[in-house]
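*Asks:* Dumping the structure here so I can ask a few things about it.
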There are 2 protein chains.
Amino acid sequence: MSLVIPPDAKSWIAVDPDSHFPIQNLPFGLAAREDDNETVVVRIGDFAVDLCQLSACGLLPEEDFPVLHSLIDLDREDISHLRRLVYELLKEDNPTLRDDKELCSEALIPIDQVDMLVPVEIPAFVDFYSGIHHASNVGRMFRPDMPPLLPNYRHLPVAYNGRASSVIPSEVPVRRPKGQTKGADDPVPVFGPTKELDFELELGFFLSEGNDLGEPIPIGSAEDHILGVVLLNDWSARDVQRWEYQPLGPFLAKSFATSISPWIVSLDALEPFRVEGAPQEPDVLPHLQPSKPSHYDIHLEVAIQTEKMTQPQVLSRSNAKYLYWSFVQQLAHQTSNGTNTEPGDLYGTGTISGPAEGTYGSLLELSWRGQRPIKMTETGEERTFLEDGDTVIITGYCQGDGYRVGFGELRTTVMG
Amino acid sequence: MSLVIPPDAKSWIAVDPDSHFPIQNLPFGLAAREDDNETVVVRIGDFAVDLCQLSACGLLPEEDFPVLHSLIDLDREDISHLRRLVYELLKEDNPTLRDDKELCSEALIPIDQVDMLVPVEIPAFVDFYSGIHHASNVGRMFRPDMPPLLPNYRHLPVAYNGRASSVIPSEVPVRRPKGQTKGADDPVPVFGPTKELDFELELGFFLSEGNDLGEPIPIGSAEDHILGVVLLNDWSARDVQRWEYQPLGPFLAKSFATSISPWIVSLDALEPFRVEGAPQEPDVLPHLQPSKPSHYDIHLEVAIQTEKMTQPQVLSRSNAKYLYWSFVQQLAHQTSNGTNTEPGDLYGTGTISGPAEGTYGSLLELSWRGQRPIKMTETGEERTFLEDGDTVIITGYCQGDGYRVGFGELRTTVMG
């Protein structure tokens with residue numbers, strides 16, 4: 001039932017070769033139109049295709065999709081089926097929608113005329129720590145006398161429960177949070193705005209289908225539960241985190257906001273970019289062994305633009321294939337104790353750093369704990385952590401032969 | 001607007017003096033009646049009063065309470081108002097309901113004819129670590145060469161985000177979870193049923209009203225956001241926890257289930273039992289200083305009954321006043337970074353151990369990490385951690401002059 005759209009497929013809607021949204025992608029999102037109505041949309045090129053409109057005109061069979069105000073009632077088969085119907089309508093040789101000027105003007109919304117929302121209600125957010133180079137860097141910084149990875153790291157995907165209520169969409173600013181901090185030499189802690197606001201370059205995946213309490217999701221069927229993938233920025237206040245995190249882990253240092261990109265890219269669209277991850281040694285336990293390659297070759301990039309700059313400067317280029325633990329391993333682990341999950345649950349991968357400088361996914365690593373300020377070439381400004389007015393832009397895409405399947409941008413400005 | 005019911009008030013419904021549910025309490029719950037309809041109820045003595053029935057008969061003004069299928073649409077004023085109306089109807093000298101035999105037979109349900117459910121939908125669950133004797137005991141066990149409390153403990157209420165989806169009501173069994181564990185001398189970890197299943201004696205509180213992202217709840221208004229209090233058992237798999245928890249805190253060791261008692265006891269009902277907590281030294285930061293005493297004198301008790309026993313054996317007697325951080329301090333801290341909260345959010349206090357043996361709130365402490373097995377007097381059996389078939393019974397109450405305001409029982413059997 002999965003739908004991998006051929007690399008040579010074309011749409012009657014013109015799409016630039018380096019667009020993230022060719023006919024091979026067709027990701028889903030939730031848009032607010034100018035009349036403030038919320039509607040489920042599919043992205044192609046510079047347009048959002050309004051599925052409620054297509055449904056109202058009978059172009060999506062009502063018996064299959066009676067309501068398209070939410071993505072959450074759709075399981076993975078529905079998503080594939082729906083993507084196939086949209087694909088058929090957008091193929092260059094299909095005149096149904098193409099030649100219906102009136103319907104086109106209703107159903108095809110120029111992308112600058114919609115506000116993209118958090119695509120589904122999110123019952124729970126779990127954040128992993130599966131970027132092995134990130135975890136190693138953090139270990140080197142904070143436990144210099146020990147092996148960089150803790151003994152459990154290669155045996156299970158370390159994670160913590162995050163805060164679902166504060167997930168925000170792209171373009172919504174993040175407020176610099178206040179928090180309690182204490183320097184090593186300070187006699188007492190103080191409460192005030194964080195001085196070490198940081199981003200974390202991650203991917204996120206949404207569940208389309210949950211599991212019942214006591215019924216783990218086996219790794220072999222984990223993909224069937226995944227609605228699709230987004231970019232994710234797990235905002236962190238490093239000074240708050242250092243003081244609060246022992247012994248129960250990060251709490252207020254991360255709960256104030258998590259940003260996600262608006263387009264949910266299906267696993268079907270990512271299928272041509274499936275790759276083997278780095279070898280896992282020692283062998284992982286059987287319930288965490290995927291039966292086929294479960295990583296994806298997704299180029300990732302973080303850029304920053306300060307208020308004085310006229311264009312962003314790229315800080316880091318990384319890749320999703322550097323994750324030690326894959327999506328399906330994460331989900332199989334998280335439910336292995338019988339925890340129940342729900343449609344719309346969101347999972348973050350953890351910070352995806354590459355192995356070398358220039359590929360790190362956080363300022364903590366890029367400035368090596370603030371010791372190596374980063375120079376903005378255009379203005380000569382320096383950054384260790386984020387300042388008010390800075391905009392962080394995360395992007396990601398898979399490079400096909402003559403086309404890209406991408407995520408667009410996740411763009412967030414820091415407010416004081 | 002708050003409603004403290006006088007100690008000498010009486011109802012026309014007979015209530016035993018050691019019942020947890022005299023007219024001074026009137027806690028709320030959500031019940032499934034024998035016809036499977038869900039309805040909001042108030043407990044008095046051995047009856048659940050069906051508020052939907054009272055509402056349908058015009059005894060609760062429709063303009064105030066149009067829908068009583070959920071507690072979540074009610075803010076703290078509504079709750080006080082509703083409790084006052086029910087109080088008036090149940091007072092011994094009020095004939096309205098008392099003398100209406102037909103309505104009584106509809107609205108007063110014998111308590112053994114209802115199943116009590118999780119009382120509200122729970123968007124998020126946060127679990128604190130505010131039992132200072134518990135935290136000290138854990139420190140002594142796991143870090144014997146260091147001071148028992150970590151440096152941050154007396155400056156902020158340490159907490160982690162838990163899993164809301166797996167909160168279960170009293171009487172629903174807990175399944176022994178599987179998990180990854182590794183003994184200190186084992187070469188590799190294994191995956192299988194936990195061998196160290198434990199309870200944690202806690203209280204929980206629900207929010208009636210949330211806050212917007214970026215708008216902390218000041219400690220002075222924190223009580224206005226609290227719907228009421230329940231007993232809470234934060235099930236823990238100690239062997240899983242030991243192996244997984246570094247560096248991001250507990251995850252699968254606690255996400256498989258959290259049990260709560262069915263009756264939400266309002267802060268108004270607890271008001272006569274408000275007490276000063278232990279002195280906080282050093283002084284806490286201003287945003288965490290309550291302006292009046294914010295602890296409660298609530299007797300707590302844990303008992304266990306194995307399959308072979310005919311009656312439970314009390315393992316521990318503790319008190320909520322041993323908490324280092326109070327409810328309002330916890331809520332002010334959790335939102336101090338601007339995290340948004342929602343009606344129905346649940347907070348656990350952390351394990352409430354007292355200062356002496358026999359007052360500890362977990363088997364981890366009672367058996368001192370399994371080194372001191374606990375003998376069941378009736379059968380001669382021994383326990384370090386829980387075995388399949390064991391039933392854990394938590395109770396709690398405030399002792400008034402000739403009456404008790406209590407929580408009833410939180411009763412859970414371990415299934416293999």
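No lab work stands behind these numbers, since they all come straight from the coordinates. What you see is a predicted model; the values in this text were computed from it and never measured. Note that we place each Cβ from the backbone using ideal geometry, even for glycine, and neighbour counts take in every protein chain shown.
*Asks:* Return the sequence-ordered ³J(HN,Hα) values of region B:243-251 in whole Hz as given by the Karplus equation 6.51 cos²θ - 1.76 cosθ + 1.60 applied to θ = phi - 60°, using x for Gly and Pro.
*Replies:* Listing the rounded values in order: 7, 8, 7, 9, x, 9, x, x, 9 Hz.
*Asks:* Around residue A:228, which amide H atoms from residues at least 5 apart in sequence, or from another chain, sit under 5 Å from its own amide H, with H modelled in the peptide plane?
*Replies:* The list, which skips near neighbours in sequence, is A:206.
*Asks:* Measuring from the axis that superposes chain A on chain B, report the chain A residue with the minimal C-beta distance, rounded to whole Å.
*Replies:* Looking at chain A's Cβ atoms against the axis toward B, the nearest is A:249, 1.
*Asks:* How high is the relative contact order of region B:134-291, in percent, counting Cα pairs under 8 Å that sit 6 or more residues apart? Write out the running numbers ahead of the final one.
*Replies:* On the way: 216 pairs, mean separation 39.6, N = 158.
Relative contact order of region B:134-291: 25 percent.
*Asks:* Now for a different question. So who's got an amide H within less than 5 Å of the one on residue A:389, skipping anything under 5 residues away but keeping other chains? H placed 1.01 Å off N, in plane.
*Replies:* It is A:414, A:415, A:416, by chain and number.
*Asks:* Counting other beta carbons within 10 Å of each residue's own, what order do B:333, B:155, B:20, B:299 fall into, fewest first? Spell out each step's value before the answer.
*Replies:* On the way: B:333 29, B:155 20, B:20 23, B:299 17.
The order, fewest Cβ neighbours first, is B:299, B:155, B:20, B:333.
*Asks:* Quick one: which of B:101-112, B:255-266, B:403-414 comes out on top by average Cβ neighbours within 10 Å, and what's the full order, highest first? Could the numbers behind the result be given before it?
*Replies:* Working: B:101-112: 14.2, B:255-266: 27.3, B:403-414: 23.1.
Packing order, densest peptide first, comes out as B:255-266, B:403-414, B:101-112.
*Asks:* Tell me the distances, shortest first, between residue B:221 and the same position across the other copies, using label points 7 Å along Cα→Cβ, in nm to one decimal.
*Replies:* 4.8
*Asks:* Further, regarding this structure: For chain B, what is Rg from Cα atoms divided by 2.2 N^0.38 Å, rounded to two decimals?
*Replies:* Numbers: Rg = 21.5 Å, N = 416, 2.2 N^0.38 = 21.8 Å.
So the Cα radius of gyration is 0.99 times the expected 2.2 N^0.38 Å.
*Asks:* Can you give the mean number of other chain Cβ atoms that lie within 10 Å of the Cβ atoms in peptide B:155-168? Don't jump to the answer; show the numbers that get you there.
*Replies:* Details: counts 7, 10, 2, 7, 6, 8, 15, 1, 7, 5, 10, 8, 0, 2.
That average works out to 6.
*Asks:* If we count every other residue with Cβ under 10 angstrom of residue A:225's Cβ, Lys/Arg +1 and Asp/Glu -1, where does the sum land?
*Replies:* Working: positive: A:76; negative: A:75, A:209, A:223, A:224, A:345.
Result for the local shell: -4.
*Asks:* To the nearest whole number, what is the average tally of beta carbon atoms from other chains within 10 Å of the beta carbons of peptide A:328-339? Could the numbers behind the result be given before it?
*Replies:* Working: counts 0, 0, 0, 0, 0, 5, 4, 3, 8, 18, 11, 10.
Other-chain Cβ atoms within 10 Å of each residue's Cβ, averaged: 5.
*Asks:* Rounded to whole Hz and in sequence order, give me ³J(HN,Hα) for region A:153-170 from the Karplus expression 6.51 cos²θ - 1.76 cosθ + 1.60, θ = phi - 60°, writing x for Gly and Pro.
*Replies:* So the J values, rounded to whole Hz, are 4, 8, 9, 8, x, 4, 7, 9, 7, x, 10, 6, 5, 9, 6, 10, x, 3.
*Asks:* Among B:25, A:42, B:310, flag the residue with its Cα farthest along the positive direction of the charge dipole of the protein assembly as shown, charges on Cβ as +1 for Lys/Arg and -1 for Asp/Glu.
*Replies:* My answer, from the dipole projection, is B:310.
*Asks:* Between region B:264-297 and region B:123-196, how many Å separate their Cα centres?
*Replies:* Between the Cα centre of region B:264-297 and that of region B:123-196, the gap is 25 Å.
*Asks:* Additional query: When ranked by the protection proxy of mean other Cβ atoms within 10 Å per residue, highest first, what sequence do the peptides B:32-39, A:231-238 form? Don't skip to the answer; put the middle values down first.
*Replies:* Details: B:32-39: 12.4, A:231-238: 25.8.
Most protected by this proxy first, the peptides run A:231-238, B:32-39.
*Asks:* What's the magnitude of the charge dipole for chain B around its Cα centre, counting Lys and Arg as +1 and Asp and Glu as -1 at the beta-carbon? Answer in Debye, nearest 20.
*Replies:* On the way: 32 positive and 63 negative charges, 370 e Å.
That gives chain B a dipole magnitude of about 1780 debye.
*Asks:* Straight-line reach only, C-alpha to C-alpha below 24 angstrom: list the lysines that residue B:10 could link to, leaving out same-chain residues fewer than 8 apart.
*Replies:* Result set, ordered by chain and number: B:91, B:101.
*Asks:* Relative to the other copies, what are the label-point distances for residue A:84, with labels 7 Å from Cα along the C-beta vector, expressed in nm at one decimal and sorted shortest first?
*Replies:* Ordered by distance, the counterparts are at 6.2 nm.
*Asks:* Counting other beta carbons within 10 Å of each residue's own, what order do B:23, A:374 fall into, fewest first?
*Replies:* On the way: B:23 21, A:374 15.
Fewest-to-most ranking of B:23, A:374: A:374, B:23.
*Asks:* Restricting to Cα pairs below 8 Å that are 6+ residues apart, what does the relative contact order work out to for chain A? Please round to a whole percent.
*Replies:* Values: 984 pairs, mean separation 89.0, N = 416.
Computed value for chain A: 21 percent relative contact order.
*Asks:* Average projected area of the Cα convex hull of region A:28-116, in nm²? Walk me through the numbers on the way to the answer.
*Replies:* Values: hull surface 22.0 nm².
Reported value for the Cα convex hull: 5.5 nm².
*Asks:* Residue A:44's amide H: which non-local residues (gap 5+, or another chain) put their own amide H closer than 5 Å, with H modeled 1.01 Å from N in plane and none for Pro or chain starts?
*Replies:* For residue A:44, the qualifying residues are A:49.
*Asks:* Normalising by the residue count of region A:214-296, find the relative contact order in percent from Cα pairs under 8 Å and 6+ residues apart. Walk me through the intermediate numbers first.
*Replies:* Working: 78 pairs, mean separation 27.7, N = 83.
Over region A:214-296, the number comes to 33 percent.
*Asks:* A further question follows. Rg(Cα) of region B:114-167 divided by 2.2 N^0.38 Å?
*Replies:* Working: Rg = 15.8 Å, N = 54, 2.2 N^0.38 = 10.0 Å.
Region B:114-167 yields a ratio of 1.58.
*Asks:* Compute the long axis of helix A:132-142 from its Cα atoms, compare it with the longest principal axis of the Cα atoms of chain A, and write down the angle in degrees, 0 to 90, nearest 10.
*Replies:* Its long axis makes an angle of about 20 degrees.
*Asks:* Apply the Karplus curve 6.51 cos²θ - 1.76 cosθ + 1.60, θ = phi - 60°, to the phi angles in region A:326-343 and return the couplings in whole Hz, x for Gly and Pro.
*Replies:* My calculation for region A:326-343 gives 8, 3, 5, 5, 4, 5, 4, 5, 4, 9, 5, 9, x, 3, 8, 10, 9, x Hz in order.
*Asks:* Which entries of A:178/A:254; B:178/B:375; B:178/B:308; A:254/B:321 show an alpha-carbon separation above 20 angstrom in the structure shown?
*Replies:* B:178/B:375; B:178/B:308; A:254/B:321
*Asks:* Within the P(r) computed for region A:137-241, what percentage of the Cα pairs occupies the region above 18 Å?
*Replies:* Details: 3755 of 5460 pairs.
For region A:137-241, the share of Cα pairs beyond 18 Å comes to 69 percent.
*Asks:* Using only helices, what value at 222 nm comes out for chain B when you add -39,500 (n - 2.57) per DSSP H run of length 4 or more and divide by the total residues, to the nearest 500 deg cm²/dmol?
*Replies:* -4000 deg cm²/dmol
*Asks:* Please arrange B:81, B:225 by how many other C-beta atoms lie within 10 Å of their C-beta, fewest to most.
*Replies:* Values: B:81 18, B:225 23.
Going from least to most buried by this count: B:81, B:225.
*Asks:* Let me ask something else about it. How big is the convex hull of the Cα atoms of the protein assembly as shown, per residue, in Å³? Working shown, then result.
*Replies:* Values: hull volume 146.5 nm³, N = 832.
Output value, Cα hull per residue: 176 Å³.
*Asks:* If you put a point 7 Å past Cα along the Cβ direction, how far is that point for residue B:279 from the same point in each other copy, in nm, smallest first?
*Replies:* 6.3
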